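Here's the structure we're looking at; comments come further down.
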Amino acid sequence: MQPLSSKSAPVSLCTDPVADLNELINKISPDKVFLLTDEHTFLHCLPLIQGVKDINKEQTITIAAGDNFKNTEALASVWQLLSEKGASRHSLLINLGGGMPCDLGGFAAATYKRGIPFINLPTTLLSMVDASVGGKTGINFNGYKNEIGAFCIADMVLIHTQFLKTLDRDNLLSGYAEMLKHALIDSPETLEKLLAIKPDAISVELLAELVADSVMVKDRYVEADPLEKGIRKALNLGHTIGHAFESLAMKKNRPALHGYAVAWGLIPELKLAVAKKQFSENITKKTENYINNLYGNHGFSSEDFEDLFSLMQHDKKNRGDRINFTLLSTVGTPEIDINCSKEEIKSAIFD
Ligand code: GLY
């Protein structure tokens with residue numbers, strides 16, 4: 001295990017998940033080990049961790065795959081099975097999957113008997129660089145993303161980049177969008193480096209090389225503000241509008257991958273930064289071209305704006321009726337809690 005992060009939110013790169021999980025299980029010393037997978041990771045990722053001690057069929061819980069199943073029913077089914085199978089407060093839950101099993105499993109672990117230890121073994125690029133790291137757990141509720149949840153730090157996030165080989169290109173690009181976001185809040189050099197990567201060059205091998213640096217950007221913000229009282233909100237760049245795109249796409253029955261929605265959200269949020277924080281127009285244009293090339297267009301029209309705006313009104317960064325954004329004044333210098341008017345938001349998305 002190669003530690004990547006601060007002690008308060010442990011993340012390690014891993015090349016031998018079986019050996020590392022066995023070591024962690026010995027250290028945590030649980031009375032039982034439970035494994036949470038979704039239908040995809042059960043098929044494609046579980047084979048890569050065969051041989052971990054104390055993991056067995058009986059204590060493997062499998063839920064349906066997909067963000068639309070990150071809901072109260074799936075959560076209740078995990079609580080139910082933990083309870084039926086005799087999980088105690090000293091049992092360990094290992095979450096094997098992308099953002100969905102890690103978020104939902106983390107919340108199940110945070111709440112079952114008021115909290116049991118858990119390990120995240122992220123299998124998607126998105127969950128390696130973002131979702132599984134930093135202690136945000138939860139589920140979607142009432143049509144809103146991650147509406148119910150808790151901050152609860154995993155005992156370990158083990159990043160094994162070989163799992164990336166199980167992903168299709170759309171899912172690789174989805175994770176890459178969060179890496180672009182990290183670059184924007186990190187430094188001009190990091191952003192330049194990513195914008196110089198040609199679409200054809202984006203491969204599992206290249207992404208695996210870039211994961212550690214991206215996780216360390218996130219870790220820096222989490223370490224500074226674990227409970228998102230302040231500067232951690234920088235990690236929400238692109239998400240205020242991105243989550244609205246994602247939720248509306250879901251409502252319209254044409255779900256978009258989270259990272260695609262974030263990439264689409266980054267463009268108007270950079271345009272808001274140009275309008276309100278004198279952020280560079282040149283960098284905005286370059287980033288917009290890069291994103292358009294990789295992710296295409298969000299496909300919404302100005303007729304969708306009222307629905308999008310109403311979704312933004314539920315963003316967790318808001319205070320009262322104000323819609324608060326994280327906006328960049330320069331690359332690497334995010335400013336938080338910047339209020340933008342309805343007209344400013346509409347024009348950033350649709351003009
Ligand atoms: N995904 C943003 C955060 O963890 O704060």
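Which whole-number percentage describes the relative contact order of the chain, with Cα contacts under 8 Å and a sequence gap of 6 or more? List each step's numbers first, then the result.
Working: 633 pairs, mean separation 50.7, N = 351.
Result for the chain is 14 percent.
How high is the relative contact order of segment 244-333, given as a whole-number percent (alpha carbon pairs under 8 Å, six or more residues apart)?
Value for segment 244-333: 35 percent.
At 1.4 Å probe size, with the rest of the protein present, what percent of the exposed accessible area of the chain is carbon and sulfur atoms?
50
Taking only protein heavy atoms and a 1.4 Å probe, what accessible area per residue, in Å², does the chain have with all protein chains in place?
42
Calculate one ³J(HN,Hα) per residue across segment 143-158 by plugging θ = phi - 60° into the Karplus curve 6.51 cos²θ - 1.76 cosθ + 1.60, and present them in order as whole Hz with x for glycine and proline.
x, 10, 6, 6, 6, 10, x, 8, 7, 7, 6, 5, 5, 6, 10, 9
State the number of lysine pairs found in segment 245-313 whose Cα atoms come within less than 21 Å, restricting to pairs 8 or more positions apart or on distinct chains.
6
Counting only the backbone N, which residues of segment 228-268 are under 14 Å from the spot 7 Å out from the Cα of Glu288 toward its beta-carbon?
264-268
Leu36's amide H: which non-local residues (gap 5+, or another chain) put their own amide H closer than 5 Å, with H modeled 1.01 Å from N in plane and none for Pro or chain starts?
Ile61, Ile94, Asn95, Leu96
Counting only helical runs of four or more DSSP H residues, what would the 222 nm mean residue ellipticity of the chain come to if each run contributes -39,500 (n - 2.57) and the total is spread over all its residues?
-14000 deg cm²/dmol
Name the residues whose placed amide hydrogens come within less than 5 Å of the amide hydrogen of Phe325, ignoring near sequence neighbours (fewer than 5 apart) on the same chain.
Here the answer is Asp337, Ile338, Asn339, Cys340, since their amide H atoms fall under 5 Å of that of Phe325.
Cα axis of helix 72-84 to longest principal axis of the chain: angle in degrees, 0 to 90, nearest 10?
In the chain, helix 72-84 runs at an angle near 20 degrees to the longest axis.
Normalised by the residues of segment 51-153, what does the relative contact order come to in percent, with Cα pairs under 8 Å and at least six apart?
25
The values are calculated or read from the model by the stated rules, or taken from the named source; none is laboratory data. Quick caveat, the model's predicted, so the values are computed rather than measured. Neighbour counts run over all protein chains shown; Cβ positions are idealised from the backbone, glycine included. Just so you know, the surface numbers come from the protein's heavy atoms only, side chains and all, with ligands and any DNA or RNA stripped out. Shrake-Rupley method; radii C 1.70, N 1.55, O 1.52, S 1.80 Å.
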